[in-house]
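Undergrad: Supplied in C-alpha cells, the structure appears directly below.
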Amino acid sequence: MIRRAGADDAESLLELWRDAEAAPTVTNTLDDVTKVLESPAASVFIAELDGRPIGSLIATWDGWRAHLYRLAVLPAYRRRGIASALVRAGEDELRRRGARRANAIVLLAEDLATGFWASVGYRHQHEAGRYTKMLDS
C-alpha cells in the first residue's frame, strides 16, 4: 500500500533511508524531514507492508519545476515493483498539480539507480548539470 506521509512519519523515514542504504545528506535530520513533510510544495509517499514502511519518495512542485527524489526501498523488497509504484504515485500527484515535466535527482555512480530511472522512462540529460552550494557554511 502506498500512502501520503504525515509529520509523525519523520523518524520512520530517517530509519527507512538508513536501512535502505540511501546516500546520507545534510538534510537527514528530524527537523529537516519534518519541514519537508509539512511543506505545501512537497508530497511524501510511503510504501507500507503490514504497517511497516518499506519504501519512500519525495515529489516536489514549485509551480515551475517538478522534482522526484529520496526514492528508497528496503533491500529485501526490491525488484517487486514498489519503486515503480512510488514513482507513479509521485507523477500522478505532480500532474494533478499542473507539472508537465519531472526531474529525478539520481546519483550517477549508482548503476542500479540509473538503470531503474531509465526503465521507468526518464532520460539522463547530458546537456545540463546540477550545481550545489552549502548555504549554512
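Undergrad: Among Asp92, Asp19, which is the only one that is free of Cβ contacts under 8 Å to residues at least 12 places away in the same chain and farther than 27 Å from Leu135 by Cα? Reasoning before the result, please.
TA: Numbers: Asp19 fails: free of Cβ contacts under 8 Å to residues at least 12 places away in the same chain.
After ruling out the rest, the residue left standing is Asp92.
Undergrad: Going through region 47-95 one residue at a time, which ones are of a type in the set (Val, Ile, Thr) and either in a strand (DSSP E or B) or closer than 15 Å to Arg18 by Cα (or both)? Can you show your working first?
TA: We begin by selecting, within region 47-95, every residue of a type in the set (Val, Ile, Thr); these are 54, 58, 60, 73, 82, 87.
Selection gives Ile54, Ile58, Thr60, Val73.
Undergrad: Right, another one. Quick one: is Ser84 under 13 Å from the mean Cα position of the chain (by Cα) and of a type outside the set (Asp, Glu)? Steps first, answer last, please.
TA: Details: under 13 Å from the mean Cα position of the chain (by Cα): yes; of a type outside the set (Asp, Glu): yes.
In short, yes.
Undergrad: Looking at (1) open to solvent by less than 30 Å² (accessible area, probe 1.4 Å); (2) not in a helix (DSSP H, G or I), find the lone condition where Leu37 falls short.
TA: It fails just one condition, (2).
Undergrad: Out of the residues in region 98-119 meeting the condition of being exposed (fewer than 15 other Cβ atoms within 10 Å of the Cβ) and in contact with a strand residue (DSSP E or B) (Cβ under 9 Å, 6 or more places away or on another chain), tell me which one is modelled with the lowest pLDDT.
TA: From region 98-119, those exposed (fewer than 15 other Cβ atoms within 10 Å of the Cβ) are 98, 100-101, 105, 107-112, 115, 118-119; that's our starting set.
Narrowing the set further to residues that are in contact with a strand residue (DSSP E or B) (Cβ under 9 Å, 6 or more places away or on another chain) leaves 98, 100-101, 105.
Working: Gly98: 96, Arg100: 95, Arg101: 94, Ile105: 88.
That would be Ile105.
Undergrad: Within region 64-74, can one find any residue that is open to solvent by 20 Å² or more (accessible area, probe 1.4 Å), over 19 Å from Trp117 (Cα atoms) and modelled with pLDDT under 95?
TA: Here is the first cut: in region 64-74, the residues open to solvent by 20 Å² or more (accessible area, probe 1.4 Å) are 64-65, 67, 69-71.
Filter again for over 19 Å from Trp117 (Cα atoms), leaving 64.
After this cut, where a residue has to be modelled with pLDDT under 95 as well, the list is 64.
Looking for residues that are open to solvent by 20 Å² or more (accessible area, probe 1.4 Å), over 19 Å from Trp117 (Cα atoms) and modelled with pLDDT under 95, one finds at least one in region 64-74, hence yes.
Undergrad: Sticking with this structure for a sec: For region 40-62, which positions are of a type outside the set (A, V, I, L, M), open to solvent by less than 70 Å² (accessible area, probe 1.4 Å) and at pLDDT 95 or above? Reasoning before the result, please.
TA: Residues of region 40-62 of a type outside the set (A, V, I, L, M): 40, 43, 45, 48, 50-53, 55-56, 60-62.
Within this subset, residues satisfying the condition of being open to solvent by less than 70 Å² (accessible area, probe 1.4 Å) are 43, 45, 48, 51, 53, 55-56, 60-61.
Answer for region 40-62, where residues must be of a type outside the set (A, V, I, L, M), open to solvent by less than 70 Å² (accessible area, probe 1.4 Å) and at pLDDT 95 or above: Ser43, Phe45, Glu48, Pro53, Gly55, Ser56, Thr60, Trp61.
Undergrad: Related question: Within region 80-96, is even one residue charged (D, E, K, R) and closer than 18 Å to Leu14 by Cα? Full working, then the answer.
TA: First pass over region 80-96, keeping only residues charged (D, E, K, R): 80, 88, 91-93, 95-96.
From what's left, closer than 18 Å to Leu14 by Cα: none.
Taking every residue of region 80-96 in turn, none turns out to be charged (D, E, K, R) and closer than 18 Å to Leu14 by Cα.
Undergrad: Given (1) under 24 Å from Lys133 (Cα atoms); (2) open to solvent by less than 40 Å² (accessible area, probe 1.4 Å); (3) touching a residue at least 24 places away in the same chain (Cβ under 8 Å); (4) not hydroxyl-bearing (Ser, Thr, Tyr), identify the lone condition not met by Leu86.
TA: Of everything listed in (1) under 24 Å from Lys133 (Cα atoms); (2) open to solvent by less than 40 Å² (accessible area, probe 1.4 Å); (3) touching a residue at least 24 places away in the same chain (Cβ under 8 Å); (4) not hydroxyl-bearing (Ser, Thr, Tyr), Leu86 misses just condition (1).
Undergrad: Give me the residue from region 1-34 that is assigned to a helix (DSSP H, G or I) and of a type in the set (Val, Ile, Thr) and, out of that set, surrounded by the fewest Cβ atoms within 10 Å (Cβ to Cβ). Explain how you work it out, then say what you get.
TA: So the first thing to find is which residues in region 1-34 are assigned to a helix (DSSP H, G or I), and the list is 7-19, 30-34.
Subset that is of a type in the set (Val, Ile, Thr): 33-34.
On the way: Val33: 23, Thr34: 16.
In this case the residue turns out to be Thr34.
The values are calculated or read from the model by the stated rules, or taken from the named source; none is laboratory data. This is a predicted model, so every value here is computed, not measured. Neighbour counts are summed over all protein chains in view; Cβ atoms, including those assigned to glycine, are modelled from backbone coordinates with ideal geometry. Just so you know, the surface numbers come from the protein's heavy atoms only, side chains and all, with ligands and any DNA or RNA stripped out. Shrake-Rupley method; radii C 1.70, N 1.55, O 1.52, S 1.80 Å.
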